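Scroll down for the structure; my scribbles are underneath it.
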Amino acid sequence: MNSRRAWLVFGVGVFAYMISVMQRTTLGVAGVDAAERFDSSAALLSTLAVVQLIVYAGLQIPVGILIDRVGPKWLITVGCAFMVVGQLVLSIAPDIPTAVLGRIFVGAGDAAVFISVMRLVNSWFSGRIVPQLSQWVGNIGQLGQVLSALPFAWILHGFGWTPAFSVAAAASFCALVLSAAFLKNRPPGAPGDGRVASMGEAIRMLAPTLRRPGTQLGFWSHFVSQSSGTVFTIFWGFPFLVSAVGLDRPAAAAFLVVIVVSGMIAGPILGILSARFPLRRSNLVLGITASLGLVWAAVLLWPGIPPIWLIAVLTITLGIGGPGSLIGFDFARSFNPARSLGSANGVVNVGGFMASFVMLFLIGLILDVQFDSGLSTTLYSMDAFRLAFAVQYLVVGTGVYFLLRARRHTRRRLQEDEGISVAPLWVALAGKWSRRRR
């Protein structure tokens, strides 16, 4: 493997993913402006984000199958082209239906990028560096949120809606050109081409992939740890910080950047821990999920407006959830053959975004119900958000139940197939302490 070429492929792939994250999160920064531009209710506005995520999640498995058949390069390139079209449509959209069409294109393009980049990492690198690089894909990619929170927001508020989304489209065009020019599916000289022989074979491999407990464990790990941060950054975080907490727009954008910085710090640590303790990865996911639940409880139960320090703790914790969700892809890599890894990653990636679009829609619906019934005098008040954001506990709680179930089945399969017994963490710690005592 040519190491220079491997790092070039990694860099271009991560750049394409960073730009796709930027396209994904531009609407969140423009949420307040969208409400003014389209003069719509909270539920109707949330439809923009919900449709985007439905398209994204719905295409993950088909895209994964295509990766196994045609390779990741052209999926990344075509995905960037779709995002160019989507942002251009949104830039001139006069109404909600046209804006929804634009977000459908953005969601379709975004759907092709991330799992394709993850496939490139597994094709060009091997060994213990893979989970660490997977974390770096997520970490560097999340800089796209910084691009939407700072330069995009500056253009939006300084020059207007159409110039801002046109510049976003131009960024995707740059990623398209670089991907077409420099990406390659596999290293030169690698045995085979890493692809299945036919589309029929790729589709037939999906059923065994879905049945593997390790794939299911990855799905539910992504479901519980990624969704809260996605809902916050894609749409509802900015209105919450501006309208409910009372921050000005630059301060709200800065807190969205805090989420990114927190993830970039936590990601490498989680990557090292995942590589060193592969049998304890689900404990990391559960610990992150529990932390999110505790911090959200503190924010929602705080009397009055939560203090700035608590909002900072919330955004830091949300940032950790992003790289925590990438552990789900490490489960997919560990329990699936390389030839079906594209579809396995697609299955895992559905998890967090399925939870996200359910939350996005329910939050908008609950906000509207409170306002229409007179329970809230302001559509985006703190009291209205308390009840709306509480829906996360129902969605994530369901995911935790299925995660624990999938973990039990995965450990049973390890015991049956490889003779590996995974004792509960407290048993392992007690045994280690006992050995030290002796």
- Which residue out of 241, 247 is open to solvent by 10 Å² or more (accessible area, probe 1.4 Å) and either part of a helix (DSSP H, G or I) or over 25 Å from residue 404 (Cα atoms) (or both)? 247
- When you look at residue 255, is it modelled with pLDDT of 90 or more, open to solvent by 10 Å² or more (accessible area, probe 1.4 Å), within 23 Å of residue 384 (Cα to Cα) and more than 17 Å from the chain's Cα centre (by Cα), yes or no? yes
- Which of the residues belonging to segment 1-49 are within 21 Å of residue 244 (Cα to Cα) and hydroxyl-bearing (Ser, Thr, Tyr)? 25, 26, 40, 41, 46, 47
- Residues located in segment 307-343, provided they are among the aliphatic types (A, V, I, L, M) and within 27 Å of residue 242 (Cα to Cα): 308, 310, 311, 312, 313, 314, 316, 318, 320
- Message: Please return the ranges of helices (runs of 4 or more DSSP H) entirely within segment 268-380 where 3 or more residues are within 16 Å of residue 114 (Cβ to Cβ) and either modelled with pLDDT under 85 or open to solvent by less than 20 Å² (accessible area, probe 1.4 Å) (or both).
- Response: 308-325, 327-335, 341-372
- Task: Check segment 49-66 and report whether any residue there is touching a residue at least 40 places away in the same chain (Cβ under 8 Å), open to solvent by less than 40 Å² (accessible area, probe 1.4 Å) and more than 19 Å from the chain's Cα centre (by Cα).
- Result: yes
- Item | Condition met for residue 101 (of a type in the set (A, V, I, L, M), without any contact (Cβ under 8 Å) to a residue 40 or more places away in the chain and either open to solvent by 40 Å² or more (accessible area, probe 1.4 Å) or over 26 Å from residue 72 (Cα atoms) (or both)) | yes
- Query: Right, residue 72: modelled with pLDDT of 85 or more and farther than 19 Å from residue 179 by Cβ or not?
  - Reply: no
- Task: Please indicate, with yes or no, whether at least one residue in segment 297-316 is touching a Gly at 6+ places or on another chain (Cβ under 8 Å) and either of a type in the set (D, E, K, R) or over 22 Å from residue 24 (Cβ atoms) (or both).
- Result: yes
- Task: State the number of residues belonging to segment 67-97 that are open to solvent by less than 40 Å² (accessible area, probe 1.4 Å) and of a type in the set (Asp, Glu).
- Result: 1
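Please determine, by comparing only the residues of segment 188-198 that are open to solvent by less than 70 Å² (accessible area, probe 1.4 Å) and farther than 15 Å from residue 116 by Cα, which one is modelled with the lowest pLDDT.
Looking at the filtered set, the residue picked out is 192.
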- Of these, 113, 130, which one is surrounded by fewer than 24 Cβ atoms within 10 Å (Cβ to Cβ) and either touching a residue at least 60 places away in the same chain (Cβ under 8 Å) or within 24 Å of residue 357 (Cβ to Cβ) (or both)? 130
- Which of the residues belonging to segment 287-326 are more than 23 Å from residue 387 (Cβ to Cβ) and in contact with a helix residue (DSSP H, G or I) (Cβ under 9 Å, 6 or more places away or on another chain)? 287, 288, 312, 316, 319, 320, 322, 323, 324, 325, 326
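The values are calculated or read from the model by the stated rules, or taken from the named source; none is laboratory data. These figures come from a predicted structure and were not determined experimentally. Glycine also receives a Cβ, built like all others from the backbone with ideal geometry; neighbour counts cover every protein chain displayed. In case anyone asks, the SASA skips ligands and DNA or RNA and just uses the protein heavy atoms, side chains included. Shrake-Rupley method; radii C 1.70, N 1.55, O 1.52, S 1.80 Å.
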